[in-house]
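Asker: After the structure tokens below, expect a handful of questions from me.
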Amino acid sequence: MKTIHWYFDFISPFAYLALRKVERLSTRFQICYHPVLFAGLLEHWGNKGPAEIDPKRVWTYRWCTWKAASERIPFRFPAAHPFNPLPYLRLAIAADNEPTAVRAIFEGLWNTGADPADEHVLLEMIGNLGIEPASLGSASVKEQLRRNTAEAAEQGIFGVPTLAIDGEIFWGLDGMDFAQACLDDDALLTNDEMIRVSRLPVGLARKI
């Protein structure tokens, strides 16, 4: 069975909206879940997140709310966003990245409108998952998250959610359909036009 790697951060509404598509893929493929720190990827590539650009922030929140409603996905933005995802990422790792645990964390953050900064929200999730609270602060859990993020960047992953399949990356919620198409057609990325655009020279570079 082919193995697919999914990189995500709980801070991303797009990752939450992609979760169901990832779960559907698990009926045909082995899925490995990799929590990563989105902010670490942004820093590595010198990018800004959608919530760091005011007009894009509002557009993103509205679009995600519409998209969830259009697909009948239970969805409610947290009380404040962006929020610090570190404890939730560490919780997922402490729970061995089990798909049921990842889903429970996503739903606790993106279904309720609760404040992720509220300690009671985190403690309730920890209790529901049967995790020892002290494990979130363990050196091994922290190191695993750091390693996940570094390894993602090394693979060229620049955002979340991202699927990695046979060395190719598929970024974003809309990238899920592209990934599915490539899984259904092994030759999709090797046709002449795909090869041409993959090697396209840079015509003009913006000075930063």
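Asker: Can you spot a residue in segment 42-61 that is under 17 Å from the mean Cα position of the chain (by Cα) and acidic (Asp, Glu)?
Answerer: Within segment 42-61, one or more residues are under 17 Å from the mean Cα position of the chain (by Cα) and acidic (Asp, Glu).
Asker: What number of residues within segment 166-191 satisfy the criterion of being within 10 Å of Ala18 (Cβ to Cβ) and either of a type outside the set (A, V, I, L, M, F, W, C) or touching a His at 6+ places or on another chain (Cβ under 7 Å) (or both)?
Answerer: Counting residues in segment 166-191 that are within 10 Å of Ala18 (Cβ to Cβ) and either of a type outside the set (A, V, I, L, M, F, W, C) or touching a His at 6+ places or on another chain (Cβ under 7 Å) (or both) gives 3.
Asker: Now a separate question. Can you list the helices (runs of 4 or more DSSP H) lying wholly within segment 95-188 that have 2 or more residues being at pLDDT 95 or above and of a type in the set (Lys, Arg)?
Answerer: On the way: elements: 99-110, 119-129, 139-154, 175-184.
In segment 95-188, the matching helices (runs of 4 or more DSSP H) lie at 139-154.
One line per residue, one yes/no per condition, for (1) within 17 Å of Phe8 (Cα to Cα); (2) of a type in the set (Lys, Arg); (3) in contact (Cβ under 8 Å) with a residue 60 or more places away in the chain:
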residue: Asn97; (1), (2), (3): yes, no, yes
residue: Gly108; (1), (2), (3): yes, no, no
residue: Thr112; (1), (2), (3): no, no, no
residue: Gln155; (1), (2), (3): yes, no, no
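Asker: Take segment 31-54 and flag every residue that is of a type outside the set (A, V, I, L, M, F, W, C) and under 21 Å from Leu145 (Cα atoms).
Answerer: Here is the first cut: in segment 31-54, the ones of a type outside the set (A, V, I, L, M, F, W, C) are 33-35, 40, 43-44, 46-50, 52, 54.
Once the filter is applied, which keeps residues that are of a type outside the set (A, V, I, L, M, F, W, C) and under 21 Å from Leu145 (Cα atoms), segment 31-54 yields Tyr33, His34, Pro35, Gly40, Glu43, His44, Gly46, Asn47, Lys48, Gly49.
Asker: Okay, next question. Identify, please: which residue in segment 67-84 is of a type in the set (A, V, I, L, M) and assigned to a loop (DSSP other than H, G, I, E, B) and is, among those, nearest to Thr112 (Cα to Cα)? Break it down stepwise before answering.
Answerer: Restricting attention to segment 67-84, the residues satisfying the condition of being of a type in the set (A, V, I, L, M) are 68-69, 73, 79-80.
In the following step, the residues that additionally are assigned to a loop (DSSP other than H, G, I, E, B) were identified as 73, 79-80.
Working: Ile73: 13, Ala79: 9, Ala80: 12 Å.
Per the stated criteria, the residue is Ala79.
Asker: Could you check segment 1-18 and list, in sequence order, the residues that are modelled with pLDDT of 95 or more, surrounded by fewer than 22 Cβ atoms within 10 Å (Cβ to Cβ) and more than 13 Å from Asn148 (Cβ to Cβ)?
Answerer: Across segment 1-18, the qualifying residues are Thr3, Ile4, Leu17.
Asker: Still on this structure, I have one more. Filter segment 58-110 for residues that are loosely packed, with under 14 Cβ neighbours inside 10 Å and in contact with an Asp or Glu (Cβ under 8 Å, 6 or more places away or on another chain) and give the result.
Answerer: Pro74, Ala80
Asker: Of everything in segment 1-47, what is part of a helix (DSSP H, G or I), under 17 Å from Ile165 (Cβ atoms) and of a type outside the set (A, V, I, L, M)? Give them in sequence order.
Answerer: Lys21, Glu23, Arg24
The values are calculated or read from the model by the stated rules, or taken from the named source; none is laboratory data. None of the values given here were measured: they were computed from a predicted structure. Methodologically, a virtual Cβ is constructed for each residue, glycine included, from the backbone with ideal geometry; neighbour enumeration extends over all protein chains shown.
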